[in-house]
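So the structure is just underneath, and the comments pick up after that.
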Amino acid sequence: MINWDRVNQEVRDLLIDLIKIDTTNPPGNELEAVKYLQKVFESESIDTTIYESAPGRGNLVARLPGNGKRRPLVLMSHLDVVTANSAQWSHPPFAAEIADGYIWGRGAIDMKGMLAMEVFSLILLKRRGLTPDREIILVAAADEEAGSEQGVEWLLKQNIPGLAAAEYIINEGGEGKIDDGIPVYACQNGEKGVLWVKMKVHGSPGHASMPSKDNAIIRMAVLLNRIGRYKPELSLSETTRNFLLEMAKAKGLRLMKDSKNLDYSLQMFANRHYGKERSVQAMLYNTISPTIIRAGEKTNVLPEVCEAILDCRLTPGETPEGFLNKIKAVVNDSTVEWEVLQTAESTESPINTELFSIIQKTVQTINPKAVTVPYLSPGATDSRYFRKQGITAYGFFPIILLEGELQRMHGINERISLENLEQGTRILYETVKEVSKV
Ligand SMILES: [Zn+2]
């Protein structure tokens, strides 16, 4: 039997130590955290390897060998955190103080809190002394917050044993919340794709005291206005359909699953219940956000050129090329020059898997009122690298965040409640144990 009071204290101590190691990226300096974790694992006789992608940029791989009956499970995490301006915090961001039932500090949610849960899932299984049906590999990577070049992207080129053969990945990307009084755990099985594109228009240069009809800024304003008024059509992926169906069921509503107008009913349901929730609305459509505009240098000089950059996020089923053509049709001006800056295809893992059922069952055992739903996230995580290789990857951070808590992530006063840390560790441990048949 596990003495959970003692384990909770151990997890707490581990998280406090991890927060105190400043891994703000840049520069990252994850090696210090990696060396600390290596000692923790050594004291439990768990094998580790350090992979240094650049001086100071440490990645750690720890493993619990299995009997090979099933393919490996990877517990994924990142060690780096985003910057914190301590002047704005009510508890210093790298002091990991406990107050009001929370551990406060940068990385408490994103994602040293989950890393602590993963570390203890491995340690607790090791302490049982039994051999799991599959190898369990913990990967604590560098550089996630700055694009993963020194982290997962680099790690995947190192041919780390077991990684490419993995059946499942559990990573960050899905947190729980309270919806109409129901605790809802999101299991993020999909991520939207990305299209970053620059549009450029020209105008006649000259002295601003003598206006020209083709002022580049005014031309761009007209075009951006077309984009602003454009209403993208509904674009439901399997993940979004299932998410909405599950939520309707949890709220006691009946939607006809085989109805011809299913998508329409789902849209109505989403508008009624999640009209103001931007994260849910973002699941339903391809989106366009103009984020940068540049033109002109002097007050009295007509600009020769005006550029705007659009950040577009694409639902599964839409390609960057296909969506670019749609934007071009909306803008409807053949003189615009287009430049694609970056693209990424959306990714989606199936939910009819053993792991998904185990997650649902475990959540319900530990938190009987709760439901677990699939989730398409508007932003991207490292999971996309694995999904592209055909590995089922879920973003599943088993905590329930109250209103306003998620904004603290990447914001000020980031913190995790002790209750979440304790319950999350249990849920993750039981899930890993169950799916590894220990
Ligand atoms: Zn993160």
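The values are calculated or read from the model by the stated rules, or taken from the named source; none is laboratory data. Quick caveat, the model's predicted, so the values are computed rather than measured. Counting neighbours? That spans all protein chains shown, and the Cβs are built from the backbone with ideal geometry, glycine included. All accessible areas refer to the heavy atoms of the entire protein, side chains included, with ligands and DNA or RNA removed. Shrake-Rupley method; radii C 1.70, N 1.55, O 1.52, S 1.80 Å.
Rounded to the nearest 10 square angstrom, Trp196 shows an accessible area of 90 square angstrom against a 1.4 Å probe. Histogrammed with a bin width of 10 Å, the alpha carbon distances of the chain distribute as 4, 20, 28, 24, 15, 7, 2, 1, 0 percent, first bin at zero.
Estimated at the nearest 10 Å², the accessible area of Tyr51 is 40 Å² with a 1.4 Å probe. Overall shape: oblate for the range 137-282, with the ratio a/c of the largest to smallest alpha carbon gyration tensor axis at 1.5 or above and b/c at least equal to a/b. Think of the chain as a dipole: +1 on every Lys or Arg Cβ, -1 on every Asp or Glu Cβ, centred on the Cα centre; then among Ser417, Ala221, Trp154, Ala221 lies furthest on the positive end. Here the accessible area is traced with a 1.4 Å probe on the protein chains. For the chain, carbon and sulfur cover 49 percent of it.
Solvent exposure of the range 1-91, expressed per residue, is 48 Å² of accessible area, with all protein chains present and a 1.4 angstrom probe.
For the range 190-344, the per residue solvent-accessible surface stands at 57 Å², with DNA, RNA and ligands left out and a 1.4 Å probe. When only Cα pairs below 8 angstrom with a gap of at least 6 residues are kept, the range 190-344 shows a relative contact order of 47 percent.
Treating r as the C-beta distance of Ser86 and Thr353 and R0 as 51 Å, the FRET efficiency rounds to 0.75. Think of each Lys and Arg Cβ as +1 and each Asp and Glu Cβ as -1; about the Cα centre, that makes the dipole of the range 1-83 roughly 440 debye. The number of Lys pairs in the range 190-344 with C-alpha atoms less than 25 Å apart, excluding pairs fewer than 8 positions apart on the same chain, is 28. Counted residue by residue at 0.36 nm each, then reduced by the alpha carbon distance between them, the extension gain from Lys298 to Gln389 reaches 27.7 nm.
The DSSP beta bridges internal to the chain are antiparallel in roughly 70% of cases.
Dividing the summed -39500 (n - 2.57) terms of all DSSP H runs of n ≥ 4 by the residue count of the chain sets its mean residue ellipticity at 222 nm at -10500 deg cm²/dmol. Listed by chain and number, the aspartates and glutamates whose C-alpha is less than 20 Å from the C-alpha of Lys433, apart from same-chain residues fewer than 8 away, are Asp5, Glu10, Glu44, Asp47, Glu118, Asp133, Glu135, Glu167, Glu172, Glu354, Glu422.
The GluC sites (Glu not before Pro) of the range 231-319 meeting both criteria, a DSSP state outside H, G, I, E and B (loop) and at most 11 other C-beta atoms within 10 angstrom of the site's C-beta, are Glu233, Glu297.
If you sort the three axes of the alpha carbon gyration tensor as a ≥ b ≥ c, you get a/c of 1.5 or more for the range 1-113 and a/b no higher than b/c, which makes it oblate. The 3J(HN,Hα) values that the Karplus relation (6.51, -1.76, 1.60; θ = phi - 60°) gives for the range 180-194 are, in residue order, 6, x, 9, x, 10, 8, 8, 10, 6, 10, x, 9, 5, x, 10 Hz. Gly and Pro appear as x.
Under 13 Å from the 7 Å Cα→Cβ point of Val330, by amide nitrogen: which residues of the range 255-299? Only 285-291 pass the distance filter. Accessible-area rank, largest first, for Ile16, Ile218: Ile218, Ile16, with all protein chains present and a 1.4 angstrom probe. Accessible-area rank, largest first, for His91, His410, His273: His410, His273, His91, with all protein chains present and a 1.4 angstrom probe. Rounded, prolate or oblate, given the Cα gyration tensor of the range 332-436, with a/c below 1.5 counting as rounded? Note, shape of the range 332-436 comes out oblate. From the alpha carbon centroid of the range 208-287 to that of the range 326-370 is 14 Å.
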